[in-house]
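The values are calculated or read from the model by the stated rules, or taken from the named source; none is laboratory data. This structure is a prediction, so every number in the text was calculated from the model and none was measured. Reconstructed Cβ throughout: ideal geometry from the backbone, glycine too, with neighbour counts over all protein chains shown. When the accessible area is computed, the model is the full protein with side chains, heavy atoms only, and any ligands, DNA or RNA have been set aside. Shrake-Rupley method; radii C 1.70, N 1.55, O 1.52, S 1.80 Å.
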Amino acid sequence: MKNSNILICGGDSRMLRVGELFAKKCKCFLWNCVPGDAGSAVRIEKPKDANDTNIVILPIPSFNKNGKLNAAHDTSAEALFELLPPKCKIFGGMISKFIYRLALEHGHTVFDYADREDFNLFNAIPTAEAAILLAMENSVKTVNGGKFCIAGYGRIGKALSSRLTALGGKVTVTARRYESLSEAECFGCNSLALSELHRSPPECDAFFNTVPCLIFDIEDTKKWNCPLFIELASAPGGFTCEARKYLEGKYISALSLPGKYFPKTAGEIIYKTINSLINTQGGQKF
């Protein structure tokens, strides 16, 4: 990828930060992006105006459920791939198998930066901090002295529990794996097996779900003494449709928090991950 220029297509203010950072290293173009400052990155009218470009960066998620680019103006995935210069290397986030195949049919190669462990580890931090901020905005109590329950002890669960604990919150972690429960206890949390949570849920000020699996139904939610439920897991989330309806007014679907609350940091994480991917794929330092 030596001497390549970069084209950024679509996205929110996170991608403006990505463009600003890449523009410090090489020629960077923006197409169909939201208005805003992107440093010395150049806005263009159509993708083919990006001279000598074979690296394309897409937002996260890159496409919506209808196959349209997440951008200022509607563009289908097929239309986008036809507009791009030939044989591009495309770096996108949360790419479906259908999009992979479609890109290949148009001669492009796709890499999903959202599959990278480094991206997910870094992204868990702004997600956790935004989740705490969201809980504070919807509570009349401080985190200090509060009681919180977290379902799942993966990347986000760990980042969230450590920050709540550091702020003086009393955290209970619930998970299926006893190894996860043991680890949570080692870092100062209470632990509760998921099966026990279903039988006897603890009283808490906020419940955070990080498990992308429908594990909580309406019968579970009827047992809980909790004023706030924050959904952090991707689709389908952790609560059934009936449970969400029952929790109306208490349930908040909180997806894509890094982009909503901390777009600059989130953009820097995307930049760092893609820069590493580019170097790995082409040996070119940007």
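Points worth noting:
- Residues considered: LEU277, LEU214. Of these, the only one that is open to solvent by 70 Å² or more (accessible area, probe 1.4 Å) and either in contact with a strand residue (DSSP E or B) (Cβ under 8 Å, 6 or more places away or on another chain) or under 20 Å from LEU164 (Cα atoms) (or both) is LEU214.
This table checks each residue for (1) more than 14 Å from ASN138 (Cβ to Cβ); (2) surrounded by fewer than 16 Cβ atoms within 10 Å (Cβ to Cβ); (3) in contact (Cβ under 8 Å) with a residue 40 or more places away in the chain; (4) out of contact with any helix residue (DSSP H, G or I) (no Cβ under 7 Å at 6 or more places or on another chain).
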position: CYS204; (1), (2), (3), (4): no, no, yes, yes
position: THR221; (1), (2), (3), (4): yes, no, no, no
position: ASN225; (1), (2), (3), (4): yes, yes, no, yes
position: ARG244; (1), (2), (3), (4): yes, no, no, yes
position: LEU247; (1), (2), (3), (4): no, no, no, no
position: LYS250; (1), (2), (3), (4): no, no, no, yes
position: PRO258; (1), (2), (3), (4): yes, no, yes, no
position: PRO263; (1), (2), (3), (4): yes, no, yes, no
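- Every condition in (1) modelled with pLDDT of 95 or more; (2) within 19 Å of ALA131 (Cβ to Cβ); (3) touching a Lys or Arg at 6+ places or on another chain (Cβ under 6 Å) is met by ILE230 except one, and the failing one is (3).
- Residue among LEU102, LEU84 that alone is open to solvent by less than 60 Å² (accessible area, probe 1.4 Å), at pLDDT below 95 and in contact with a helix residue (DSSP H, G or I) (Cβ under 6 Å, 6 or more places away or on another chain): LEU84
- Within the stretch 35-56, being β-branched (Val, Ile, Thr) and in contact with a helix residue (DSSP H, G or I) (Cβ under 6 Å, 6 or more places away or on another chain) holds for no residue.
- Test result for ALA72, in contact with a helix residue (DSSP H, G or I) (Cβ under 6 Å, 6 or more places away or on another chain) and surrounded by 12 or more Cβ atoms within 10 Å (Cβ to Cβ): no
- Looking across GLY154, GLY169, GLY146, one residue alone is surrounded by fewer than 19 Cβ atoms within 10 Å (Cβ to Cβ) and not charged (D, E, K, R). It is GLY154.
- So ALA79, is it open to solvent by less than 30 Å² (accessible area, probe 1.4 Å) and in a helix (DSSP H, G or I): no
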